[in-house]
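A.B. asks: One structure, as structure tokens, below. Some questions next.
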Amino acid sequence: MDFSESDKDLWKQIYNTKDLLYCLNCSTCLSGCPASHGDPPLLVRNLARMVVFGLEDDLLDDDTPWACVSCSRCEEMCPMDVKPFEMILAIRKWQSANDETRVPPSIVEIYKRGYTQSVGTNTKLRKSLGLPELQTITKMPQMLKLYQQMLMKTPVVSENDYMFNEE
Amino acid sequence: MELCLFLGCNTPAIRPDVERAIRATMPELGVDLAEVEGYVCCPAFGSFPSTDDDSHLASSGWNLSIAEAKGLDIMVQCGSCYSSLRMGLDHLAHDDLKLARVNELLELTGRKLECKTAVRHVSEILYNEVGVEKISRTIKKSLEGLHGVIQYPCHTLFPSEIVGFEESPRQPKALRVLTEALGATVESYSRELQCCGGAGGFSSSSPAEATAFTKTKLDAIIEETKADFIVVSCITCLMYLDNIQKKLNEAENTDKYNIPVFDYNQLLALCMGFDPKQVASICTIPRNLVIDRL
């Protein structure tokens with residue numbers, strides 16, 4: 001592996017906490033991790049090394065942080081309190097900020113209707129179960145507009161505003 | 001007591017019978033439920049929490065502020081919603097800079113957040129606030145003679161410092177004790193604390209490996225116990241463990257994966273005498289064998 005071009009300060013950009021520097025590479029984070037069974041496997045330990053070593057290109061190309069199921073076992077079990085789940089989210093954030101193709105389409109759905117899927121539109125089924133009509137934000141256009149205006153001030157939405165424009 | 005019911009998206013959209021079970025059972029046990037009008041996605045970990053702090057925490061703050069304005073704590077069933085809201089609240093309550101930034105964003109919408117609202121899981125409310133004695137006294141029917149196994153929602157266990165409520169997050173017992181209070185025999189099995197595997201990107205990016213992973217759990221249940229049903233208290237665990245059994249049966253040309261899966265509040269509602277058509281009708285693996293015994 002060629003370290004000559006690696007960015008030794010990359011960790012400060014991605015996960016600016018000294019927690020990461022305590023990682024012993026012990027692999028406790030892999031034990032019980034569902035996505036460590038994936039193809040390719042999510043190897044949290046390796047991702048921590050990549051961040052510390054500053055392997056920018058490899059890390060930008062790595063899909064495995066997105067396979068995490070967010071169970072947070074690694075966060076609980078890590079003997080050095082590296083907070084590996086927070087690190088996974090931090091890597092995703094850094095990837096999203098540096099490669100627009102990484103921005104998850106689900107945030108566009110949330111922007112447009114408040115949720116990743118259609119909520120509260122199954123009125124017939126809900127009625128048959130004796131359920132009330134749901135006060136979703138999708139049915140409250142003024143409130144949805146306020147939520148969208150707020151999101152417009154956040155980096156991911158303002159920097160990728162073309163994704164959120166109504167046709 | 002009164003709590004805001006945060007429904008998330010999967011429960012009201014795909015499994016509203018679980019919502020019905022929660023709305024039916026909790027008030028009978030002294031927990032009145034208020035709405036969170038205009039709530040948005042929790043936000044799911046794969047969405048804003050994977051893009052930037054501002055959009056992530058502003059969305060958490062949006063949801064928390066609706067309950068806070070009512071002066072009520074939040075109750076959640078979905079594991080991901082619970083964990084996302086709780087972690088969001090933790091970030092905001094312990095970081096003045098982040099809270100100030102979120103309030104700057106919320107101010108544009110006429111809202112504010114003081115971090116006064118707690119986020120609680122329905123199983124914790126049942127265990128700590130209602131208590132098993134009240135549950136045993138209230139039910140009209142019993143699960144006696146039936147064997148159950150538990151799927152603990154990871155999101156209610158880890159990281160215990162932020163989301164936990166069990167005495168020991170590594171040896172949780174709330175759902176076991178709650179299920180025993182309904183008269184069932186609860187059996188242990190070797191992979192009891194293994195994640196269902198259903199959340200996040202794993203099952204979509206590695207479908208074959210994810211199915212094999214969950215198969216080990218179901219095989220352990222079948223080989224080691226006499227389980228008549230699986231009890232969960234998370235919408236993802238519920239849908240995933242239910243739907244994957246059909247997939248496994250088709251892939252292996254068998255019918256051995258046929259253990260019905262229930263949300264705890266569904267079992268509670270059935271034991272309280274509510275109509276199974278309303279509180280437990282949506283499933284992939286048929287539930288008749290359990291429902292007919294009641």
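A.B. asks: Taking the conditions exactly as written (assigned to a helix (DSSP H, G or I), within 23 Å of the chain's Cα centre (by Cα) and either over 27 Å from residue B:157 (Cα atoms) or of a type in the set (Lys, Arg) (or both)), does residue A:92 satisfy them or not?
C.D. replies: Here the answer is yes, as residue A:92 does meet what is asked.
A.B. asks: Among the residues of region A:78-89, write down those that are crowded, with 22+ Cβ neighbours inside 10 Å and within 11 Å of the chain's Cα centre (by Cα).
C.D. replies: Across region A:78-89, the qualifying residues are A:85, A:87, A:88, A:89.
A.B. asks: Which one is farthest from the other protein chains (Cβ to nearest Cβ) among residues in region B:47-60 that are part of a helix (DSSP H, G or I) and closer than 30 Å to residue B:151 by Cα?
C.D. replies: Filtering first and then ranking leaves B:60.
A.B. asks: Quick check: is even one residue across region A:11-22 charged (D, E, K, R) and touching a Ser or Thr at 6+ places or on another chain (Cβ under 6 Å)?
C.D. replies: Checking region A:11-22: not a single residue is charged (D, E, K, R) and touching a Ser or Thr at 6+ places or on another chain (Cβ under 6 Å).
A.B. asks: Determine which single condition residue A:134 fails, assuming it passes every other condition in (1) over 13 Å from residue B:62 (Cβ atoms); (2) surrounded by fewer than 19 Cβ atoms within 10 Å (Cβ to Cβ).
C.D. replies: Evaluating residue A:134 over (1) over 13 Å from residue B:62 (Cβ atoms); (2) surrounded by fewer than 19 Cβ atoms within 10 Å (Cβ to Cβ) leaves (2) as the failure.
A.B. asks: Can you report the number of residues in region A:84-100 which are facing chain B (nearest Cβ under 9 Å), touching a residue at least 40 places away in the same chain (Cβ under 8 Å) and in contact with a Lys or Arg (Cβ under 9 Å, 6 or more places away or on another chain)?
C.D. replies: Selection size over region A:84-100: 1.
A.B. asks: Which count do you get for residues in region B:200-232 that are over 19 Å from residue B:152 (Cβ atoms), within 14 Å of chain A (Cβ to nearest Cβ) and not in a helix (DSSP H, G or I)?
C.D. replies: 2
A.B. asks: Is one or more of the residues making up region B:46-66 touching a helix residue (DSSP H, G or I) at 6+ places or on another chain (Cβ under 7 Å), assigned by TED's automatic domain parsing to the domain that holds residue B:8, under 30 Å from residue B:272 (Cβ atoms) and touching a residue at least 40 places away in the same chain (Cβ under 8 Å)?
C.D. replies: Within region B:46-66, one or more residues are touching a helix residue (DSSP H, G or I) at 6+ places or on another chain (Cβ under 7 Å), assigned by TED's automatic domain parsing to the domain that holds residue B:8, under 30 Å from residue B:272 (Cβ atoms) and touching a residue at least 40 places away in the same chain (Cβ under 8 Å).
A.B. asks: Whether any residue in region B:190-208 is surrounded by fewer than 18 Cβ atoms within 10 Å (Cβ to Cβ) and more than 30 Å from residue A:104 (Cβ to Cβ) is what I want to check.
C.D. replies: Checked region B:190-208: at least one residue is surrounded by fewer than 18 Cβ atoms within 10 Å (Cβ to Cβ) and more than 30 Å from residue A:104 (Cβ to Cβ).
A.B. asks: Going by what's in this entry, would residue B:64 be described as more than 7 Å from every other protein chain (Cβ to nearest Cβ), in contact with a Cys (Cβ under 9 Å, 6 or more places away or on another chain), surrounded by fewer than 22 Cβ atoms within 10 Å (Cβ to Cβ) and at pLDDT 95 or above?
C.D. replies: Answer is no for this residue.
A.B. asks: Any idea which of A:44, A:51, A:108, A:103 is touching a helix residue (DSSP H, G or I) at 6+ places or on another chain (Cβ under 7 Å), under 30 Å from residue B:152 (Cβ atoms) and β-branched (Val, Ile, Thr)?
C.D. replies: Going through A:44, A:51, A:108, A:103 in turn, just one is touching a helix residue (DSSP H, G or I) at 6+ places or on another chain (Cβ under 7 Å), under 30 Å from residue B:152 (Cβ atoms) and β-branched (Val, Ile, Thr): A:44.
A.B. asks: Right, next: How many residues, within region A:111-146, are among the aromatic types (Phe, Trp, Tyr) and more than 7 Å from chain B (Cβ to nearest Cβ)?
C.D. replies: 1
A.B. asks: Here is a further query. Would a scan of region B:191-207 turn up a residue that is farther than 30 Å from residue A:43 by Cβ and touching a Phe, Trp or Tyr at 6+ places or on another chain (Cβ under 8 Å)?
C.D. replies: No, because not a single residue in region B:191-207 is farther than 30 Å from residue A:43 by Cβ and touching a Phe, Trp or Tyr at 6+ places or on another chain (Cβ under 8 Å).
A.B. asks: Scan B:168, B:190 and give me the residue that is modelled with pLDDT under 95, within 14 Å of chain A (Cβ to nearest Cβ) and part of a loop (DSSP other than H, G, I, E, B).
C.D. replies: Of B:168, B:190, the one residue that is modelled with pLDDT under 95, within 14 Å of chain A (Cβ to nearest Cβ) and part of a loop (DSSP other than H, G, I, E, B) is B:168.
A.B. asks: Let me ask something else about it. Filter region B:24-45 down to the residues that are facing chain A (nearest Cβ under 7 Å) and either without any contact (Cβ under 8 Å) to a residue 24 or more places away in the chain or surrounded by fewer than 24 Cβ atoms within 10 Å (Cβ to Cβ) (or both), then identify the one that is farthest from residue B:69 (Cα to Cα).
C.D. replies: Selected residue: B:40.
A.B. asks: Continuing with this model, one more query. Only one of these conditions is not met by residue B:176: (1) in contact (Cβ under 8 Å) with a residue 60 or more places away in the chain; (2) in contact with a strand residue (DSSP E or B) (Cβ under 6 Å, 6 or more places away or on another chain); (3) assigned to a helix (DSSP H, G or I). Which number is it?
C.D. replies: (1)
A.B. asks: If you don't mind, there's one more thing I want to ask. Provide a single number: the residues in region A:58-83 that are outside any loop (DSSP other than H, G, I, E, B) and either within 12 Å of chain B (Cβ to nearest Cβ) or within 20 Å of residue B:81 (Cβ to Cβ) (or both).
C.D. replies: Adding up the residues that qualify gives 9.
A.B. asks: Exactly one of (1) exposed (fewer than 14 other Cβ atoms within 10 Å of the Cβ); (2) farther than 28 Å from residue B:214 by Cα; (3) in contact with a helix residue (DSSP H, G or I) (Cβ under 7 Å, 6 or more places away or on another chain) is unmet by residue A:147. Its number?
C.D. replies: (1)
A.B. asks: Please note which helices (runs of 4 or more DSSP H) are completely contained in region A:104-167 and include at least 3 residues that are closer than 23 Å to residue B:5 by Cα.
C.D. replies: In region A:104-167, A:106-113, A:123-128, A:141-152 are the helices (runs of 4 or more DSSP H) which contain 3 or more residues that are closer than 23 Å to residue B:5 by Cα.
A.B. asks: If you don't mind, another one. Given the residues A:108, A:156, A:103, which is the only one that is touching a residue at least 40 places away in the same chain (Cβ under 8 Å) and more than 8 Å from chain B (Cβ to nearest Cβ)?
C.D. replies: When all the criteria are applied, what remains is A:108.
A.B. asks: Of the numbered conditions (1) within 14 Å of another protein chain (Cβ to nearest Cβ); (2) farther than 24 Å from residue B:44 by Cβ; (3) modelled with pLDDT of 95 or more, residue A:27 fails exactly one; give the number of that condition.
C.D. replies: (1)
A.B. asks: So which pairs qualify, if the first residue must be in region A:40-66 and touching a residue at least 60 places away in the same chain (Cβ under 8 Å) and in the same structural domain as residue A:14 (by TED's automatic domain parsing), the second must be surrounded by fewer than 19 Cβ atoms within 10 Å (Cβ to Cβ) and not in a helix (DSSP H, G or I), the Cβ gap must be under 7 Å, and the two must be at least 6 apart or on different chains?
C.D. replies: Nothing qualifies.
The values are calculated or read from the model by the stated rules, or taken from the named source; none is laboratory data. This one's a predicted model, so the numbers in the text were calculated from it and none came from an experiment. Neighbour counts run over all protein chains shown; Cβ positions are idealised from the backbone, glycine included.
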